[in-house]
Amino acid sequence: MFTEIEFERMKKLPNYVFAEINELKLKARRNGEDVIDFSMGNPDGATPKHIIDKLVEAAQKPKNHGYSASKGIFKLREAISLWYKRRYNADIDPDFEAVATIGSKEGYVNLMKAIVSVGDTVIVPDPTYPIHSYAVVMAGGSAHKFELKFNEKFEVDEDDFFEKTKKALKEANPKPKYMVVNFPHNPSTATVTPKFYERLVELARQERFYVISDIAYADLTFDGYTTPSIMSVEGAKDVAVETFTLSKSYNMAGWRVGFVVGNRRIITSLQKIKSWLDYGMFTPIQIAATVALNGDQQCVEDIKATYKKRRDILIDTFDKAGWKMDIPNASMFIWARIPEQFRHLGSLEFSKQLLVEAKIAVSPGIGFGSYGDEYVRIALIENEKRIKQAAKNVKSFFKNLEKK
Ligand SMILES: Cc1ncc(COP(=O)(O)O)c(C=O)c1O
């Protein structure tokens, strides 16, 4: 009905590639099949007890039941500021340089809505967490992409990165006003050094663009790697904001708690747009989030240890099954190159076959951008026993494929 009335913005949003895999997964499950699901970065563990206890306690108090503060209650913004001081020795003013968001995805999308004008260009390296580019599209801008290069240890080729950034600044029309970076990277798990951010801040100053950094996986690091933050660089707040989430570090994905800090002009714009859009998270959630950030961080260590163990088991058992993968030192994913003999299938077809034949769900790399098509992303959200079962399924799947 009324098809002459076009929903222009909807036309710019593609159907989610992951939806195809999801549909196959649901179909298989409906047929009673046991699908081992590595497809989504959705933590399977419980939120630590002291955080839940605080939520329950705060929820008992009637004064916490009304509309909350859209930019976050002061105590939470203060906890965010202390978190940055402790971790990154960065000074964040809780009033003007921090905003709590309803998950970092909401924060990021509304941030883009607040600052990107129709026709603007934003540099987003490819592959990418899809919303990093589609939030730009939804705001009326366009994403200028280049391939993110990294080595077998998933270390970003930083010289290549800056060369391509400079080229994009010269060639993209109009000249990009913003750049999105995300390290540890989803989907590739790639990481950067502190020096990377020093170079980025310097370049942003010279070339006059803002940086939006997403460190969602900052806590999930292994083998001695620690995640740097752009906020540690002197003068970063002149040119950058950074987003973080409690979803991964504290198994709180369903709670929807994130935050953005940094440049005052951008943060106050986000606070302003949010004041028109929402009344903030339920206050007891904000109180519990404050406890998560201020409290004992052993729970984060435990969550990290779980992912590390799963990473090691998966790499080992899949290797024995005939699928050799490089070892990531951050995030909750493995960015697995499709074995050479099956690479010609492309990541979507390979993922579909993996699901139908081996009962394993993964995310096809193409869903993250054209440079992702030789890979699939495996989220470490199944337990050790099921990882081992998955390796067995893979082994027989490969054998059958080779026979065909
Ligand atoms: C890089 C990255 N940023 C942000 C998010 C969204 O996190 P949140 O749950 O806070 O919306 C994700 C979720 O997977 C992610 O991978």
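Please treat every number below as a calculation from the coordinates, not as lab data. If you're wondering where the values come from, they're calculated on a predicted model, not measured in any experiment. As a convention, Cβ positions derive from the backbone with ideal geometry for all residues, glycine included, and neighbour counts pool all protein chains shown.
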remark   = As straight-line cross-link partners of Lys170, the qualifying aspartates and glutamates (C-alpha separation under 13 Å, not fewer than 8 residues apart within one chain) are Glu207
remark   = Here the longest stretch of the chain that holds no GluC sites (Glu not before Pro) in a DSSP loop having at most 12 other beta carbon atoms within 10 Å is 235-404
Förster-model FRET efficiency, 30 Å R0, Glu202 and Asn173, C-beta, rounded to 0.05 = 0.80
note = Comparing Lys75, Lys175, Lys167 in a Gaussian network model of the chain (Cα, 10 Å), the one with the largest mean-square fluctuation is Lys167
ask   = Can you put Thr121, Thr3 in order, fewest other beta carbons within 10 Å first?
value = Thr3, Thr121
key: Volume per residue of the C-alpha convex hull in the chain, rounded to whole Å³   = 167 Å³
For the chain, built as a Gaussian network whose Cα springs stay under 10 Å, the top-fluctuating residue of Ala288, Ala114, Ala46 = Ala46
message = Using Cβ contacts closer than 10 Å as the measure, can you line up Ser81, Ser213 from fewest to most?
response = Ser81, Ser213
inquiry  = Which residues among region 118-158 fall inside the zone where the amide N is under 20 Å from a point 7 Å beyond the Cα of Asn15, along Cα→Cβ?
reply    = 130-131, 134
task = Take the alpha carbon gyration tensor of region 200-292, find the square roots of its eigenvalues, order them as a ≥ b ≥ c, and report rounded if a/c is under 1.5; if not, report prolate when a/b exceeds b/c, else oblate.
result = oblate
key: aspartates and glutamates with Cα under 12 Å of Lys304, excluding same-chain neighbours fewer than 8 positions away   = Asp219, Asp223
ask   = By DSSP, what percent of the beta bridges with both residues in the chain are antiparallel, rounded to the nearest 5?
value = 50 percent
ask   = Are any of the pairs Lys164/Lys388; Lys12/Lys177; Lys149/Lys237; Lys308/Lys352; Lys12/Lys167; Lys85/Lys105 more than 30 Å apart by Cα-Cα distance, and if so, which?
value = Lys164/Lys388
Helical contribution to [θ] at 222 nm, DSSP H n ≥ 4, -39,500 (n - 2.57), averaged over the chain, rounded to 500 = -14000 deg cm²/dmol
ask   = Can you put Met1, Met138 in order, fewest other beta carbons within 10 Å first?
value = Met1, Met138
inquiry  = Rounded, prolate or oblate for region 2-130? Axes are the square roots of the Cα gyration tensor eigenvalues, ordered a ≥ b ≥ c, and the cut-off for rounded is a/c under 1.5.
reply    = oblate
key: Prolate/oblate/rounded label for region 118-171 (Cα gyration tensor, a/c 1.5)   = oblate
query = What is the list of residues in region 231-274 whose amide nitrogen lies under 20 Å from a point 7 angstrom out from the Cα of Ala59, following Cα to Cβ?
reply = 246-248, 250-258
remark   = Gyration tensor (Cα only) of region 62-294 to equivalent ellipsoid, semi-axes in Å sorted down, yields 28, 20, 16
